[in-house]
Amino acid sequence: MQFIPVYLIFIPVITALFIYVFKNKHINYLALVAQLAMTILLIMYFTAYGDNPEATLFVFGDWDARVGISLYNDRLSISFMFLTIFTWWMVLIYTFNFRETDHNFLFFLMFLQGVFLGFLQSNDLFNLFVFLELTTIIVTILIAFKKTGDAYRAGIYYELINVSGVLFFLLGIIILYNSFGTINLLAIKAGLEGMEDLTALRMAYIFLMVGASVKAALFPLYTWLPKAHGVAQSGISALLSGLIVKGGLYLFIRINDMFSPANYSYSDFFFVVGGITAGIGVMFALSQKDIKQILAYHTVSQVGIMMMGLSSLPTNDLFYGGLYHVFNHALFKSLLFLGAGVIIKAYRSKKVADIRGVMRTMPVVSILMIVGMLSITGAPLFNGFISKTIIKYGIYDQEWKYWILFFVNIGTATSFIKMSQIFFGPRPMTIILKDAPQRLSMIIIAFSCVMLGTLYIPISSGYFGVDLSYITPFGLIPLYDYIATLTIGFCFYKLVIEKDVTMVRYIREFKVSFETANYLMIGYVVALVTYFIIL
Amino acid sequence: MDPILTFVVILIGFYGLSTSTNIIKSVFCVTIIESGVILLFLNLGNLDGGTIPIVGEGVTMIADPLPQALMITTIVIGSTVTALALMLCIKVFHHYGTVEWAEILRREEGK
Amino acid sequence: MTKHFIIIILLGVLLAVFTVAMQDIEVLYNTALKSYLIEGVIPRGFVETGSRNLVTAILLDYRLFDSLFEAGILLIAVSGIIWISKHDIEEKNAQFMYDKYKTPDLFVTFSRLVYPLMLTFGFYVIVNGHLSPGGGFQGGAIVASAILILYYIDHDKETNIGLIVTVEKFLYIAILLFASLSIFTRGTYFTNVFPPTASPDVQAIYLVILNIMIGFKVALGLWAIFTAFLKEGR
């Protein structure tokens with residue numbers, strides 16, 4: 001029973017290797033078997049150990065935890081693991097037709113799952129570093145998988161910027177190792193207890209945070225995300241936006257948990273960073289014309305909203321708002337990307353202006369897309385509403401924080417009003433599609449969106465022990481609120497975005513080159529240093 | 001060697017990364033940063049000067065073995081990252097006919 | 001120009017803060033916090049793992065899980081590079097650089113002389129990884145560079161890249177299985193098959209076998225990467 005974490009890591013890895021070696025159509029179905037086995041194992045693990053996280057500490061080789069590598073699970077990591085396996089199920093079902101012919105794709109996909117599950121469970125800083133680098137390399141290959149020019153360019157951009165960010169993470173590990181003589185997260189947390197406030201430790205915290213921020217695509221390090229998520233295949237985009245970006249946020253939570261005895265006041269800094277990220281993401285999303293680019297920039301802005309929640313201390317409800325938004329965003333953003341993939345494949349175009357009449361050609365897909373849009377804009381009864389409302393309640397007393405969220409909501413509404421015009425209009429041509437597996441995966445995700453939006457009280461109190469009964473989606477006030485947001489968004493769209501004023505065009509053509517991105521990274525490090533050490 | 005000197009190597013890498021406009025140079029800068037990090041860790045692992053971490057008769061003072069083991073992993077990771085980046089670089093060259101970041105962007109818009 | 005100036009100032013700030021931080025580290029270094037490794041692992045490492053080389057002890061026993069993924073990263077990179085280097089679609093700017101110049105005779109002759117020496121040295125480093133500096137990763141790299149020299153000796157050498165990669169993947173599965181054999185003898189994953197109480201000579205059997213497997217895997221992986229790059233150049 002205690003070896004289940006190891007099996008969860010190695011079942012997908014070995015499946016991937018078999019798929020690569022045998023190159024057989026029938027062997028490919030092994031992936032589904034492995035997925036089923038992992039689901040069962042994880043449920044068994046949760047029922048056995050979910051309540052006592054101390055028992056989940058597992059050291060390879062039974063060595064002392066300070067020198068060996070250990071795995072550790074609490075409710076948070078187990079919930080992320082459920083999310084991981086769920087997302088992989090959806091992507092596997094979605095790429096069902098494609099999978100039969102392409103074992104290479106399936107190899108990288110399954111290997112990435114094992115690596116990501118290992119990343120979530122690891123309790124060792126250097127092990128985290130190895131998994132981060134492995135994730136970077138596999139994602140680079142998956143981005144460049146289409147073998148077009150811009151895919152290669154996005155791949156190399158992604159790889160270099162992430163590797164240099166993760167090297168900062170390694171620098172942090174070096175300082176911590178030389179301070180504590182161990183790189184075990186729990187041991188360092190124990191060692192920080194009663195430790196005096198040293199510049200070296202603050203430096204280590206900063207370096208680790210830079211690694212997490214690059215992975216989570218916070219401002220000003222988000223520049224790789226729209227490029228990478230825009231060019232990848234739709235299934236991969238859903239995976240990257242839905243899950244892999246959250247790896248950075250997970251790292252953020254774990255590092256802050258590790259440094260919690262040191263009591264650094266990080267809340268305000270990261271709230272502002274999250275707010276700027278959200279604003280910038282929405283601003284760029286409004287100006288884009290390419291469906292996948294719009295969705296990718298919305299990932300940036302939603303990561304900003306999550307960061308606004310997660311930047312608060314884990315005892316606040318605001319923190320759970322951010323955490324809840326991580327899961328909700330994983331669902332609705334993968335739904336939107338998967339739907340966009342089906343539409344793009346049918347219309348052979350990525351431009352919003354070229355796509356019309358989706359409602360007539362693909363009624364099921366468009367209803368599912370609308371569910372995703374209602375969720376992301378925060379309509380009552382859908383899951384986006386819940387997390388946005390928790391965050392709204394959490395920052396109610398500070399007006400400037402409230403306004404940031406308000407403007408981001410308006411921007412999101414405007415952007416999706418703009419995107420919703422693809423549904424209307426005449427039926428362009430007869431489009432024959434074999435998309436049964438795609439539709440199946442999208443229906444499951446849409447269903448869970450509605451589920452999380454209505455059954456949030458038992459889920460959150462049963463799992464995290466947080467009481468959310470003060471949020472009521474059935475009243476008239478949330479509805480008025482939502483309709484008001486939509487109206488303002490619609491006016492804004494008609495007045496500014498549709499006319500394509502010079503400002504919008506300027507933002508659309510604004511590109512951050514690679515050297516500037518690194519320049520901004522150094523600037524970000526210095527900003528952190530200024531906030532945490534000099535001030 | 002002073003650990004601060006190795007940190008200067010890392011900073012040189014970052015200087016190059018934020019000023020060079022060529023993909024190959026960017027790849028090399030990442031390699032430089034990586035070498036700097038490796039040197040820094042090995043340096044700090046042996047501040048009071050011991051011999052290689054091999055136990056035997058008459059060996060009293062040895063260097064800390066853990067940084068050395070970790071750095072082997074980092075070197076292997078670094079070499080694979082470089083190899084992948086260079087292969088992507090070749091492919092970018094085949095597609096755009098150039099390895100300048102700005103020029104690639106210009107040619108992409110020109111299409 | 002201002003851009004260069006600002007970046008130098010920013011980096012200067014980082015350097016200054018790091019210099020301050022280093023003084024803390026030098027103070028911390030001598031405190032009791034590091035004592036576990038100094039007093040725990042260094043005297044006990046040889047007895048517990050059977051490896052005189054403590055780096056190998058850490059790589060192949062204490063932190064074998066990391067080393068498995070270190071080999072995995074190479075495996076992923078090999079398949080990725082091979083997938084990317086395949087010419088499936090039209091590349092308008094592809095110009096192939098033929099070897100215009102013949103390799104100098106002197107170089108070829110010396111390569112012939114050095115090739116067996118390098119191969120032997122590589123094997124020596126792999127097999128003696130637990131006794132002297134070296135191990136599977138380092139020795140594998142030496143063997144792979146010896147194989148690379150073969151390309152200079154024989155220009156038109158054709159390599160079956162698919163076969164290399166398949167063998168590499170099987171070797172990786174074998175490494176995973178061999179590393180998890182300890183579940184039967186010691187009841188836990190990824191450590192020495194033989195218990196810590198066994199004599200170091202017995203424990204060394206496991207280390208040598210694992211080193212050889214990792215060495216071959218690394219050599220094959222690097223060979224495949226070389227071949228992919230060489231094909232790109234031809």
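At-a-glance table
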quantity: Some residue of region A:492-513 being small (G, A, S) and within 25 Å of A:L405 (Cβ to Cβ); calculated: no
quantity: Filter result (over 17 Å from B:V37 (Cβ atoms), aliphatic (A, V, I, L, M), in a helix (DSSP H, G or I) and open to solvent by 10 Å² or more (accessible area, probe 1.4 Å)) within region B:71-104; calculated: B:A83, B:L86, B:I90, B:A102
quantity: Filter result for B:F41 (touching a helix residue (DSSP H, G or I) at 6+ places or on another chain (Cβ under 8 Å), under 26 Å from C:L68 (Cα atoms), assigned to a helix (DSSP H, G or I) and open to solvent by less than 10 Å² (accessible area, probe 1.4 Å)); calculated: yes
quantity: Condition met for C:T103 (open to solvent by less than 90 Å² (accessible area, probe 1.4 Å), away from chain A (no Cβ under 11 Å) and at pLDDT 85 or above); calculated: no
quantity: Conditions (1) open to solvent by 10 Å² or more (accessible area, probe 1.4 Å); (2) within 14 Å of chain A (Cβ to nearest Cβ); (3) in a helix (DSSP H, G or I): number failed by C:P195; calculated: (3)
quantity: Helices (runs of 4 or more DSSP H) completely within region A:355-407 that count 2 or more residues being touching a Gly at 6+ places or on another chain (Cβ under 7 Å) and in contact (Cβ under 8 Å) with a residue 60 or more places away in the chain; calculated: A:363-377, A:383-394
quantity: Count of residues meeting criterion [surrounded by 12 or more Cβ atoms within 10 Å (Cβ to Cβ) and more than 14 Å from chain B (Cβ to nearest Cβ)] in region A:502-527; calculated: 3
quantity: Criterion: under 18 Å from A:P473 (Cβ atoms) and open to solvent by 10 Å² or more (accessible area, probe 1.4 Å) - qualifying residue of A:T377, A:T315, A:T361; calculated: A:T377
quantity: Selection count where residues are closer than 15 Å to A:L117 by Cα and either in a loop (DSSP other than H, G, I, E, B) or open to solvent by 40 Å² or more (accessible area, probe 1.4 Å) (or both), scope region A:1-21; calculated: 4
quantity: Tally of residues being more than 7 Å from chain A (Cβ to nearest Cβ), open to solvent by less than 30 Å² (accessible area, probe 1.4 Å) and not polar (S, T, N, Q) across region B:1-16; calculated: 6
quantity: Unique residue being at pLDDT below 85, of a type in the set (A, V, I, L, M, F, W, C) and outside any loop (DSSP other than H, G, I, E, B) when the list is A:V504, A:V525, A:V529; calculated: A:V504
quantity: Sole residue being under 20 Å from C:A21 (Cβ atoms), modelled with pLDDT of 90 or more and of a type outside the set (S, T, N, Q), chosen from A:G181, A:G191, A:G172, A:G155; calculated: A:G172
quantity: Members of region A:488-497 that are without any contact (Cβ under 8 Å) to a residue 12 or more places away in the chain and either surrounded by 12 or more Cβ atoms within 10 Å (Cβ to Cβ) or in contact with a Ser or Thr (Cβ under 6 Å, 6 or more places away or on another chain) (or both); calculated: A:C491, A:K494, A:V496
quantity: Residue within region B:61-70 that is within 23 Å of A:L171 (Cα to Cα), in a helix (DSSP H, G or I) and in contact with a strand residue (DSSP E or B) (Cβ under 9 Å, 6 or more places away or on another chain) present; calculated: yes
quantity: Selection count where residues are within 10 Å of another protein chain (Cβ to nearest Cβ), assigned to a loop (DSSP other than H, G, I, E, B) and in contact with a helix residue (DSSP H, G or I) (Cβ under 6 Å, 6 or more places away or on another chain), scope region C:150-192; calculated: 5
quantity: Residue that is most open to solvent (accessible area, probe 1.4 Å) [pool: residues in region A:22-53 that are of a type in the set (A, V, I, L, M) and more than 22 Å from A:V91 (Cβ to Cβ)]; calculated: A:M44
quantity: Residue ID - farthest from the chain's Cα centre (by Cα), chosen from residues in region C:122-161 that are without any contact (Cβ under 8 Å) to a residue 12 or more places away in the chain and open to solvent by 40 Å² or more (accessible area, probe 1.4 Å); calculated: C:D156
quantity: Lone qualifier among C:L28, C:L60, C:L37, C:L33 - being modelled with pLDDT of 85 or more and in a helix (DSSP H, G or I); calculated: C:L60
quantity: Exclusive hit being closer than 18 Å to C:L60 by Cα, in a helix (DSSP H, G or I) and either away from chain A (no Cβ under 14 Å) or of a type in the set (D, E) (or both), set C:G140, C:G134; calculated: C:G140
quantity: Residue selected from region A:517-535 under the condition hydroxyl-bearing (S, T, Y) and without any contact (Cβ under 8 Å) to a residue 24 or more places away in the chain, by the criterion farthest from A:I280 (Cα to Cα); calculated: A:T530
quantity: All positions within region A:122-163 that are polar (S, T, N, Q) and out of contact with any Ser or Thr (no Cβ under 6 Å at 6 or more places or on another chain); calculated: A:S122, A:N127, A:T135, A:T136, A:T140, A:T148
quantity: Number of the exception - B:T31 against (1) over 28 Å from C:V13 (Cα atoms); (2) touching a residue at least 40 places away in the same chain (Cβ under 8 Å); (3) more than 8 Å from every other protein chain (Cβ to nearest Cβ); calculated: (1)
quantity: Test for A:Y456: is it in contact with a helix residue (DSSP H, G or I) (Cβ under 9 Å, 6 or more places away or on another chain), open to solvent by 70 Å² or more (accessible area, probe 1.4 Å) and away from chain B (no Cβ under 14 Å); calculated: no
quantity: Selection from region B:17-28 of residues that are more than 9 Å from chain A (Cβ to nearest Cβ), part of a helix (DSSP H, G or I) and either among the small types (G, A, S) or over 11 Å from the mean Cα position of the chain (by Cα) (or both); calculated: B:I24, B:K25
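Each row is one residue, and each column tells you yes or no for (1) on the phi < 0 side of the Ramachandran plot; (2) acidic (D, E).
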| site | (1), (2) |
| --- | --- |
| C:L119 | yes, no |
| C:G122 | yes, no |
| C:I126 | yes, no |
| C:H130 | yes, no |
| C:G135 | no, no |
| C:S145 | yes, no |
| C:I149 | yes, no |
| C:D154 | yes, yes |
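Listed here are the residues, each with its yes/no results for (1) on the phi < 0 side of the Ramachandran plot; (2) in contact with a Phe, Trp or Tyr (Cβ under 9 Å, 6 or more places away or on another chain).
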site: A:T487; (1), (2): yes, no
site: A:K494; (1), (2): yes, no
site: A:D500; (1), (2): no, no
site: A:M503; (1), (2): yes, no
site: A:M521; (1), (2): yes, yes
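Conditions tested, residue by residue: (1) closer than 30 Å to A:V67 by Cα; (2) open to solvent by 10 Å² or more (accessible area, probe 1.4 Å); (3) within 10 Å of another protein chain (Cβ to nearest Cβ).
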site	(1), (2), (3)
A:D150	no, yes, yes
A:Y177	yes, no, yes
A:A190	yes, yes, no
A:E196	yes, yes, yes
A:S213	yes, no, no
A:K227	no, yes, no
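The values are calculated or read from the model by the stated rules, or taken from the named source; none is laboratory data. The shown structure was predicted, so the numbers you read here are calculated from the model rather than taken from an experiment. Backbone-built Cβ (ideal geometry, glycine too); neighbour counts: all protein chains shown. The area values use the complete protein model at the heavy-atom level, side chains included, leaving out ligands, DNA and RNA. Shrake-Rupley method; radii C 1.70, N 1.55, O 1.52, S 1.80 Å.
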